[in-house]
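Remarks on the structure that follows.
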Amino acid sequence: MKVLVTGGAGFIGVNLIEMLLEKTDWEVHVLDNFTTSDNGMLERVIGDSMRVKVFNGDIREMDDIIAAMEGCTYVVSLAAQSGVLPSVEDPIYDMELNVKGVINILSSAVDLGVKKVVHASSNALLGEGKLPLNEERIPQPMAPYGASKLAGEGYLSAWAASYGLNTVALRFSSVYGPKSINKGSAIAKFIKQIMDGDQVEIWGDGSQTRDLVYVKDIANAIYLSLVTDLPNRYEVIHIGTGEEISIEEVFDLIYQKFLDRGYEPKPALHTDWKPGEIRKNWSSIEKARKVLGFEPQDSFDENIEKTIEWFIENYEGKQ
């Protein structure tokens, strides 16, 4: 069995590859252009394993995809432009990666006889409205990022119907955990700012909520999506915890854990709200439980503890 992971040197990718090397005997192909990812992190995960082959390439280039996908049974599509604010600043780049890149992957998968493509989508495409978010809600993106992820799902559905390709769109909630050293999302940013002695910046009053899902749970959801025979050729599934927590509460927990370790973190600085950001956000995971047998594992407190310990051991920053 052989699987291609695009964006495999990124945060979710390296955690997924680490899990696949532990849990399966599969061969793993990695396609990444290493513009925002850390090759050193990937090398540490691979170690001396002979089961991983790394391709330096870009999902906007069909030839790069074909070279990496040759002989693969499964494809995990993680390579993307993954931020709301960057998508507002440069929607064309966002579209090139999240739409054109996805079309290239799907087209190559059909040509090369791939069995299934599991794609990293996002609950951001639903925008705001009645909670919890679920697979039945009508999408209403609030930023180009959500729009491009919605387009990607549309192409997964089209390739399933037109070409018979098995596709799964996993709508991730906000992901955190070890190896997120290059991430600019809230938890990684808060930890790095505290360790650097900087003041943490929180947009608005901190009452905005997120469904924060641990990266090991995300990796397990991807694995389950690959190996499970699903009811339909195209499926959309929300992956999260089914719970919401405010950004202020997240900061308070991280702040206290650093106090307990002898750090002296500064109080948070509240700044203006950013356009395109969603105020309230959490997902129902009932479908994931039903069709995948997915269940988040440890508590948020335990996972934050593991994340902080990883950063203390691996992040140098300004220290």
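The values are calculated or read from the model by the stated rules, or taken from the named source; none is laboratory data. Please read these numbers as outputs of a predicted model, since none were measured by experiment. No Cβ is skipped: glycine too gets one built from the backbone with ideal geometry, and neighbour counts run over all protein chains shown.
Against the list (1) in the same structural domain as Val117 (by TED's automatic domain parsing); (2) part of a helix (DSSP H, G or I), the condition Glu235 fails is (2). Would it be correct to say that Ser246 is at pLDDT 95 or above, touching a strand residue (DSSP E or B) at 6+ places or on another chain (Cβ under 7 Å) and at negative phi? Yes; evaluated as a whole, the condition is true for this residue.
I'm told Asn123 meets every condition in (1) under 23 Å from Lys183 (Cβ atoms); (2) in contact with a strand residue (DSSP E or B) (Cβ under 7 Å, 6 or more places away or on another chain); (3) modelled with pLDDT of 95 or more except one. Can you identify the failing condition by its number? Of (1) under 23 Å from Lys183 (Cβ atoms); (2) in contact with a strand residue (DSSP E or B) (Cβ under 7 Å, 6 or more places away or on another chain); (3) modelled with pLDDT of 95 or more, only one is false for Asn123: (3). Of all the listed residues (Gly204, Gly276, Gly240), the sole one being modelled with pLDDT under 95 and either surrounded by 16 or more Cβ atoms within 10 Å (Cβ to Cβ) or of a type in the set (Val, Ile, Thr) (or both) is Gly276. Among the conditions (1) part of a strand (DSSP E or B); (2) touching a Lys or Arg at 6+ places or on another chain (Cβ under 8 Å), Lys53 misses just one, which is (2). Taking the criterion of being under 30 Å from Pro141 (Cα atoms), without any contact (Cβ under 8 Å) to a residue 12 or more places away in the chain and more than 20 Å from the chain's Cα centre (by Cα), the only residue of the stretch 257-295 that qualifies is Lys290. Within this structure, Asn33 passes the test of being touching a helix residue (DSSP H, G or I) at 6+ places or on another chain (Cβ under 9 Å), assigned by TED's automatic domain parsing to the domain that holds Gly101 and crowded, with 17+ Cβ neighbours inside 10 Å. Filtering the stretch 209-228 to residues that are under 20 Å from Asp25 (Cα atoms) and basic (Lys, Arg) leaves only Lys216. Checking the structure you have, find out if any residue of the stretch 68-83 is within 18 Å of Val118 (Cα to Cα) and in a helix (DSSP H, G or I). Yes, the stretch 68-83 has at least one match.
Exactly one residue out of Ala147, Ala160, Ala186 is surrounded by fewer than 24 Cβ atoms within 10 Å (Cβ to Cβ), hydrophobic (A, V, I, L, M, F, W, C), at pLDDT 95 or above and out of contact with any strand residue (DSSP E or B) (no Cβ under 6 Å at 6 or more places or on another chain), and it is Ala147. Answer yes or no as to whether Arg233 is more than 16 Å from the chain's Cα centre (by Cα), of a type in the set (D, E, K, R), within 30 Å of Ala161 (Cα to Cα) and surrounded by fewer than 20 Cβ atoms within 10 Å (Cβ to Cβ). Yes, satisfied.
One residue stands out in the stretch 112-132 among those that are closer than 24 Å to Leu16 by Cβ and more than 17 Å from the chain's Cα centre (by Cα): the one that is surrounded by the fewest Cβ atoms within 10 Å (Cβ to Cβ), namely Gly113.
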